[in-house]
Amino acid sequence: MLPSAQAPLYEIKANLFKGLAHPARIRILELLAAAPQETAAVSYLLAETGLEASHLSQHLATLRKHKVVTSVRTANAVTYRLAHPGISQLLAIARTFLLDTLADSNEQLRLAQQLPAEHLAGGAAS
């Protein structure tokens, strides 16, 4: 059990990951991280994600709610940006973790393919 004074801090961290917990939101964040000044217009995000406007709006609202992105309205255009430069670092770390995990999986697959056939069948001999 967490000490009661620390529980709200862990809840805030958990909510950050809840905000990130959708492939479309990760894609949106990667687009923002790669954009100049980490800023992009909604029209750009719509074109690049292929999402319907209503779905993009819902995902952006979730990211705003969890304070991952901020928005600025200028006349008829709305632009979004990462709320903190650390978000780019978080995405880079996640990408490295993913690549390392896939490399481990590929190595395990390669080793499994080298096993004799009876090991692949669970060791049962006919």
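The values are calculated or read from the model by the stated rules, or taken from the named source; none is laboratory data. These numbers were taken from a predicted model, which means no experiment stands behind them. Glycine gets a Cβ as well: all are built from the backbone with ideal geometry, and neighbour counts include every protein chain shown.
Among the conditions (1) closer than 25 Å to GLU11 by Cα; (2) of a type in the set (Phe, Trp, Tyr); (3) modelled with pLDDT of 95 or more, the only one that PHE97 does not satisfy is (3).
Report yes if some residue within the range 114-123 is of a type in the set (D, E, K, R) and at pLDDT 85 or above; otherwise report no. The answer is no; no qualifying residue exists. Residues of the range 1-57 that are farther than 22 Å from ASN76 by Cα and among the charged types (D, E, K, R): GLU11, LYS13, LYS18, ARG25, ARG27, GLU30. Listed by first and then second residue, the pairs with beta-carbon distance under 6 Å, at least 6 apart or on different chains, first residue in the range 94-118 and free of Cβ contacts under 8 Å to residues at least 24 places away in the same chain, second polar (S, T, N, Q), form an empty list.
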